[in-house]
Structures are given as structure tokens and as C-alpha cells.
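Throughout, read-outs are computed from the coordinates displayed, never taken from laboratory work. All values reported here derive from a predicted model rather than from experimental measurement. Glycine also receives a Cβ, built like all others from the backbone with ideal geometry; neighbour counts cover every protein chain displayed.
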Amino acid sequence: MSIHRVTQPPTDGSSYVIPQLEGEMISIPGSKSVCRVLTSAIQTNGAMSVFSSGSVLADAPGFHHHNEAHDVFLVVKGYLKLWNGDKCKILGPGDFASVPPGFIHNPHWTGPISETFGLITPGEWLDFFRYIGEPRNCILLPEDDDRPLAEILIPKIIAAKGKYDVVFHPTHQGCEVSGWNDDDERLPNGPEPYYLRANTGPRWMLGGVMSRPFCTTIQSKGKFAISSIESSSVYKLSKFPVSFNFPTVHHCFCVFEGVLEVTIAGGEPTLIREGETVFLAANTVFSLKFRSKFVRLWSFTNGDGIEALIQRAGRPFAGFVLPDKEPELDEARLKAASESLKIHI
């Protein structure tokens, strides 16, 4: 039996696949945007929520901060103007930003059509979207929703004062937009606001699999990790681990390019194609195969997951694209890394 496909995340604790442009759809009235929930606190025991957001040109939500919630933005289409702490930049496809708790931020989708992926922890914060929004079923975006955003939202926000982890700063003045520099091409050494330019930052290779992390547990204080995982069907991958078991870490893989094959213990292989998402619950035995010439997926985990294994068992990689020949895999390093991460291979 293959992993079952659903249009909304199930509540039974199982692994699942969500087809392209599906998920629990929430739209904030008048925002001309839609949030597609791929997994939430219900599926991850509160650890994280992962979602995509699409929008056309619309008003920004306003400056605010969270006392506990950690917010991230990974742009895949269009452009996002983001105030983040004491900086403001315009993010394009592949750019990333991390906003830890306590820092004032304000995202403004500048489009004309934009799409981002996000992770937020604790996962229950997504209930704020459910509170101020409404269920919406659309093909792409509710572009014709011309209801007055402020008139609808302000009464709801006032009524929910103190209930959700959102503190607005209506008098805050944002800084001017700045350009990208060398600081935006590396990960910081701790939980601070930062931007990461597309295709920069550290890169690690384990056999023929590359991890290009956007955020590790160092930047999230152990809460989560996000990485681009890349490989190719050209590689034999004969020594790549046949199967994994992460006892306490959930994995949410969003396939951005190519075809990924996922098999869970006792099941048949399931093909995950571009635009589709597979959620693998913690303590699930699974294996991965890369079924097209180039495969790239976004990996979201609630702790040290597959990206940490690739980093610890693999080697730093100086290039920016996959090499034509896969590097050798050091089995001793792989065994030591799996033991240190308490992963079963």
C-alpha cells in the first residue's frame, strides 16, 4: 500500500501526501491571499506548522512581533518586501528570512503574484490564521476579494487581545530597504534575525545527496530545521542508507523540482512530484530515491532531521551545483553521525 493522498492533513497521526495546491485553505478577508496548511500542531503534537502562502498585490498586515513564535519566509515566486528587526530587504525566488521571537517584522508581498513557504513554531500559532481568516476553496488566489481588510480585521484583533501571540505596533516606523551583502550569504551562530540569499550559505554532501540549509537547530534554539535537499537519478547511490527512522522528528518534504520516491515500511513506493508534499510522522521508517535527473525539495523538520545527518556524516561542499560524479560515502562517519543523532538506519 502506498502513502495515501489527501486534500487536507488528516488527524490520525499517519503519514500522507498532499497534491499540488491542496491543503487546508485559509484566506484572510480582503487580503487577496490564501494560506495552504500542509501540516500543523494537530499532526506534529504542537511542534511546528508548515504552510504555503500565495498573494497578489495587497496591503501589508502591519508591524508586529511574537513573544514565543518563530517565523520564517522562503520565497518561491514573485517578491516579498520584509522588515525584519532593524533591516528591510526585498526577497526574490530562493531567498530566505528568519524572524525569532521578540523581533518586530512586517511582510509585504509585492508580486504581482507571490508565493512563499513558511514554518512557524509553536505549531498552535496557526490558530491565529484560523481565527482571523475563513475557509476558502480556490484554484490559485482570491484576487476578486475586495472587502475592506482593516474594517474586518481590526474588530477581530481587538476582541482577541491577549489570546494569540501577536503584538501589533501601529506607530512603528520601518527602516529603508537595503541591498544584499556578504552577511546575507552565511548562517549566524545563534538565534538572531537574518536573511539568506538564494543558493548561498553552507552546503554539505553525503554520497550523492546535498543539503543546503536555510536554518538549522542552531539558529532556531533546537526547535526546527529547514533545508534544500538535492540529488539526481544519475547517481547510483548504492551506499546511501536504505531506510531511516527518526524516533522524535517529523519530516515535511515539499518537492520543488523533479520526482521523489518515498517508501515507508511495509508499503509500496509513492512518487511525489513537483508541487506535492509528503509528511512523514516521527518514528516512521522510510526510504528515499531520486527518480529524475535533478530533484530539489524543501525539508522542514521539528529538530535535527535528514539535513543534520547529511551535515554530520557528509563533507562540506564548495560548489554551487551537483557534481557530475557523486562523492564517496564514508560509512564510519555515517554510523557515528546516526548514533549521535539517535537515528536508526
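Can you sort 301, 7, 216 so the residue with the fewest Cβ neighbours within 10 Å comes first?
Details: 301 28, 7 12, 216 20.
Least to most surrounded, the residues fall as 7, 216, 301.
Just flag the GluC sites (Glu not before Pro) in the stretch 209-318 sitting in loop per DSSP whose Cβ has no more than 16 other Cβ atoms within 10 Å. Working shown, then result.
Details: sites: 230, 257, 261, 274, 276, 307; in loops: 274, 276.
Those satisfying the criteria are 274.
What is the order of 38, 153, fewest Cβ neighbours within 10 Å to most? Display every interim value, and only then the final one.
Working: 38 26, 153 18.
The most exposed by this proxy come first: 153, 38.
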Long-range tail of P(r) for the stretch 285-333 (Cα pairs > 15 Å, %): 63 percent
Of 293/335; 89/223; 236/289; 32/87; 77/221, pairs whose Cα-Cα distance is over 18 Å: 293/335; 89/223; 32/87; 77/221
Rounded to the nearest 20 debye, dipole of the chain from Cβ charges on Lys, Arg, Asp, Glu: 620 debye
Neighbourhood charge, 10 Å Cβ-Cβ cut-off, centred on residue 294 and excluding it, Lys, Arg +1 and Asp, Glu -1: 0
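What is the stretch 230-321 by shape, rounded, prolate or oblate, if you read a ≥ b ≥ c off the alpha carbon gyration tensor as root eigenvalues and call it rounded for a/c under 1.5, prolate for a/b larger than b/c, and oblate otherwise?
Values: a/c = 1.39, a/b = 1.11, b/c = 1.25.
It comes out rounded by the Cα gyration axes.
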Span from the the stretch 290-325 Cα centroid across to the the stretch 1-78 one, whole angstrom: 24 Å
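Given +1 on the Cβ of Lys and Arg, -1 on the Cβ of Asp and Glu, and no further charges, what dipole in debye does the stretch 219-345 carry about its Cα centre, rounded to the nearest 20?
200 debye
Taking a ≥ b ≥ c as the square roots of the Cα gyration tensor eigenvalues, with a/c under 1.5 meaning rounded and otherwise prolate when a/b beats b/c, else oblate, which class fits the stretch 177-294?
Values: a/c = 2.16, a/b = 1.61, b/c = 1.34.
In terms of gyration-tensor shape, prolate.
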Dipole magnitude (debye, nearest 20) for the stretch 1-154, charges at Cβ of Lys, Arg, Asp, Glu: 340 debye
Net +/- balance of residues flanking residue 229 in space, Cβ distance below 10 Å, scoring K and R +1, D and E -1: 0
Label point distance in nm, residue 151-residue 57, each placed 7 Å from Cα along Cα→Cβ: 2.2 nm
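Can you give the helix-only mean residue ellipticity at 222 nm for the chain, where every DSSP H stretch with n ≥ 4 adds -39500 (n - 2.57) and the sum goes over all residues, rounded to the nearest 500 deg cm²/dmol?
-3000 deg cm²/dmol
What ranking of 64, 108, 4 emerges when the number of other C-beta atoms within 10 Å of each C-beta is taken as an exposure proxy, fewest first?
Going from sparsest to densest Cβ surroundings: 4, 64, 108.
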